[in-house]
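Single-structure report; data block below.
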Amino acid sequence: MTLDIRQIPVLNDNYVYLVREPKSGCVGVVDPAVVAPVLDEAKSLGWTITHILNTHHHGDHTGGNLEIKEVTGCAIVGPGPDRDRIPGIEVEVTDGDTFTLGDEDASVLFVPGHTRGHIAYWFADSDALFCGDTLFSVGCGRVFEGTMDQMWSSLSRLRALPSETRVYCAHEYTQSNIQFAVSVDPNNLALRTRESDVKIKRDRGEPTVPSRLGEELAVNPFLRADQRDLQEALGMAGADPVAVFTEVRQRKDTF
Ligand code: ZN
Ligand code: FE
């Protein structure tokens with residue numbers, strides 16, 4: 001049975017996810033930035049939080065950890081290599097591990113770059129990827145702690161997952177990401193189509209997340225650094241993908 005996933009918009013543009021595995025009734029919270037909206041939503045659904053799943057240590061992903069744990073007694077799961085920076089962590093996971101939520105497995109993928117310990121949770125049977133601030137819709141996270149090389153490798157791993165995978169990223173940045181993407185990839189027709197779809201959704205106040213990985217492959221410049229058309233648009237035909245990724249990431253940092 002597939003996971004029941006609820007999206008909670010918090011702060012300016014964060015998404016927290018409640019993930020319920022129906023057979024066991026286990027409920028995970030992915031990256032609780034805050035406390036009250038998460039507990040309120042769980043209560044109104046009649047769900048009991050059993051786990052917190054952290055992707056990385058930033059405060060807008062772990063800020064609710066300790067209080068939610070105190071109230072619910074849930075277990076906190078996070079990246080083992082970053083244990084010192086994940087408040088309340090008790091289940092340490094790392095690349096290649098399987099975390100089981102009730103009756104459903106998540107593969108843990110180590111995807112450093114945004115931070116040096118960043119992980120993603122891939123629930124293959126539900127086509128759901130929780131990737132924190134590594135991959136966004138039409139964008140990617142800033143490279144704060146890792147290298148450009150690492151971030152490109154991390155995105156390349158995520159890119160290789162099945163195209164029907166839903167990308168549950170942690171921020172609603174899609175519209176500004178598209179503005180930037182159009183500036184580096186102006187002739188991409190799929191991107192123009194996505195631009196108008198996203199505008200309609202945002203004008204209605206609807207989320208643009210999750211998208212499907214297959215859609216991202218066509219429009220996300222950070223997944224396309226090895227694609228000839230993007231390289232040509234940047235005047236970097238035949239260049240090393242890491243160099244192209246670096247160029248795109250640096251342009252975005254100052255856009
Ligand atoms: Zn972050
Ligand atoms: Fe964040």
Among Glu172, Glu206, Glu216, residue whose mean-square fluctuation peaks in a GNM of the chain (springs only between Cα atoms under 10 Å): Glu206
Given a cut-off of under 8 Å on Cα pairs at least six residues apart, what relative contact order in percent is computed for the range 1-160? 15 percent
Taking the 0 to 90 degree range and rounding to the nearest ten, how far is the long axis of helix 148-159 tilted relative to the main principal axis of the chain, both from C-alpha atoms? 70 degrees
Ratio for the chain, C-alpha Rg to 2.2 N^0.38 Å, reads 0.99
Residue among Gly46, Gly214, Cys131 farthest towards the positive dipole end of the range 4-253, charges placed on Cβ: Gly214
From phi via Karplus (6.51, -1.76, 1.60), per-residue ³J(HN,Hα) for the range 181-189 in Hz, x at Gly/Pro: 4, 4, 5, 9, 9, x, 9, 7, 5
Amide H contacts under 5 Å for Ile52, restricted to residues at least 5 apart in sequence or on another chain and with H modeled in the peptide plane, are Val29, Ala75, Ile76, Val77
Peptide ranges 48-61, 229-242, 8-21, 81-94 listed from the most packed, as the mean C-beta count within 10 angstrom indicates: 48-61, 8-21, 81-94, 229-242
Positive end of the dipole of the range 4-253, charges at C-beta (+1 Lys, Arg; -1 Asp, Glu), about the Cα centre: which of Ala75, Val242, Ala181 has its Cα farthest in that direction? Ala181
Please work out the C-alpha center-to-center distance from the range 16-60 to the range 205-240 and express it in whole Å. 31 Å
Size of the dipole of the range 4-253 about the Cα centre, Lys and Arg at +1 and Asp and Glu at -1 on the beta carbon, nothing else charged, in debye to 20? 540 debye
How large is ³J(HN,Hα) for each residue in the range 193-207, as worked out from phi by the Karplus curve 6.51 cos²θ - 1.76 cosθ + 1.60 (θ = phi - 60°), to whole Hz, x for Gly and Pro? 5, 4, 4, 6, 4, 5, 4, 4, 4, 5, 4, 8, x, 8, x
Sorted by chain and number, the residues with a modelled amide H under 5 Å from that of Leu101, at a separation of 5 or more or across chains, are Ala106
Rounded to the nearest 10 degrees, what's the angle between the helix 241-253 long axis and the longest principal axis of the chain, both from Cα atoms, 0 to 90? 80 degrees
Rough spin-label spacing in nm, given labels placed 7 Å along Cα→Cβ, for Asp40 and Asn12: 2.1 nm
Radius 10 Å from Cβ of Gly141, net charge of other residues (Lys, Arg +1; Asp, Glu -1): +1
What's the tally of Lys pairs in the chain whose alpha-carbon atoms lie under 26 angstrom apart, where the two lysines are 8 or more places apart or on different chains? 5
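Just so you know, all these numbers are worked out from the coordinates, no wet-lab data involved. Just so it is clear, the model here is predicted, and its values are computed rather than measured. Heads up, the Cβs are rebuilt from the backbone with ideal geometry, glycines too, and the neighbour counts pull from every protein chain shown.
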